[in-house]
Structures are given as C-alpha cells and as structure tokens.
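Notes follow the structure.
Values quoted throughout were computed directly from the atomic coordinates according to the rules given, and no laboratory measurement underlies them. Keep in mind that this is a model prediction, so the values were computed, not measured. Cβ placement follows ideal geometry from the backbone for every residue including glycine, while neighbour counts extend to all protein chains displayed.
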Amino acid sequence: MMKKYLFTLLFFLVCSNTMSFAQDLITTKNGEDIEARVLEISPKELKYKKYCNLEGPTYTINKRDVLMVRYENGDKDIFDYDSQLNTDVDISAGMRYREYKNYYNPRFYLRDVNDAYSPGLAGIASFFIPGLGQGVAGEWGRGIGIFAANIGLNVLVLGSAAAVNSDYNATTDEFGGDEGAAALLLGALLGQVVFDIWSICDAVRVAKIKNMYYQDLRSQRAGLDIKIEPYLASAPTLDMGGNHLSAGLSLKFNF
C-alpha cells in the first residue's frame, strides 16, 4: 500500500515538473516573465510567440532588454546586456554622423545616464524652430540646412497666399477662376506640415543615434585596461661584476 502511494506521488511530481517546463520563459531586465515559444535569437533581437496564442502574431524584443530565457527542456540562456554594443560594425572615435548613422537602429535606443544629448529636448527644439533640434544634438550643419529649407517653404506658402489673395475680387466677394494658385497654396501648406513633422522626428533620431554611437565608444574604452606600475631592476655596470639598481615606470595594455 505504501509503495502505491509513493508511486502515485512520484507520478504527480514528474507530471508537474513536465508541465512547468511546457513553455519557454523569457525574463526581462525589469522583472517581467513572458510565457512564450522562442522562435529565433539573432545578435540584436529575440523573436517569439506568446504561449497562450501560438497561432497569433510574432513578437520581437531587443536582446538588451532580456535578462534570461529558460527553455522548456530546462536549459537557460543568460544575456549580459550591459556588455553588448549597439552595432556589430567596427567604429572608431572621430567618425562623422553621416558615416555611422546607418549602423544604428534608433528603435533599440536605451537611455544611459552618461548620454550627451536628450532626444526629447531635440524634438521640442525642432517643434519651435525646424533644424534647431539637430543643432542641439550637435549637428549644426544639418540643422542649418533644414532651417534654410523651412525658410524656402515659408516663402512658397506666402507667395501662394499672395497669388490667391490677388485673385480675390472684393466687389463680388469671390475668387476668380485661377485654380492653380489655390492648388499651389494647398500643396505648399501640406508640404510645410509634413516637413515640420519630419524635422521633429529627424531631430529625435539624430540624438538617439549619436548617443548610441558614444555608448559604444565608452564600452570600447572600458575594454582597454591601461596600467602604469613602478619597477626596480638590477643592471650591470662597466666595472667587472658590478651592478646598480635602476627604478622606473612600466606601461601595460590589456585588451
């Protein structure tokens, strides 16, 4: 009878253990657990389906946001997200924005306390003055170009408005038959709105990408260990059998 109870208890333990690992478990760095079926792990992303809806959409999460994945067979992967770079391409100090901007995806930007630029501030600056946000993010040449383009659009809008106004007949309180001026004004206004929205988004993008670039530079410097240590050595003299002590400093590089 005792053997029967032990066998039953062992059976339930095995079943419960099997059920507990019936799905993959993704643990994010903010402590959230996601029951999922992991589909793919790339150098930058992790793709999965929610376990409660395996026929549903595929979700993507940045690996920098993942702390650990525990698989259904009990294995687990722990991700050292602090040591991961934002790009797999070799970068170096002194690069211009146009040289590295295509290496980074601003969707994967994670704020760091040492970041030099504020994406929010850049966006607000470009909201008031197109191009100013790019300047706030350190790209004054790009900002001046955007500001000049905005001035050109303003001139086009004002010119179109003047043409429409000249077509207005105050006596009859109606416009003439020149529909081209009205269409030009409408197109200029629409172009102005689209350009202003793009300028805001671009300023935010510039700030994020530049921050990601400098984050990677700091990570690279952290991987270079430089040590300066004193040393004391015995060196032979010109006299037969004579030695004297010499002191100095040694410079060591560890990569």
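Points worth noting:
- Neighbour counts of other Cβ atoms within 10 Å put CYS52, CYS201 in the fewest-to-most order CYS52, CYS201.
- Over 22 Å (Cα to Cα) - which of LYS47/LYS76; LYS49/LYS101; LYS44/LYS76 fall in this group: LYS49/LYS101
- Panel order for GLU72, GLU32, GLU139, by other beta carbons found within 10 Å of each beta carbon, from fewest to most: GLU32, GLU72, GLU139.
- Overall Cα dimensions of region 48-109 - principal axes, largest extent first, Å: 47, 25, 14
- Segment GLU35-GLN84, extension gain: residue separation times 0.36 nm, minus the distance between their alpha carbons: 15.2 nm
- The C-alpha radius of gyration of region 97-222, expressed as a fraction of 2.2 N^0.38 Å, stands at 1.47.
- Estimated from the Cβ-Cβ distance and a Förster radius of 25 angstrom, the FRET efficiency linking SER42 and ALA149 is about 0.10.
- Chain lengthening between PHE127 and LYS101 when straightened (0.36 nm per residue, less Cα-Cα): 7.1 nm
- Extending 7 Å from Cα along the Cβ direction at ASN165 and again at CYS201 yields two label points whose distance is 3.3 nm.
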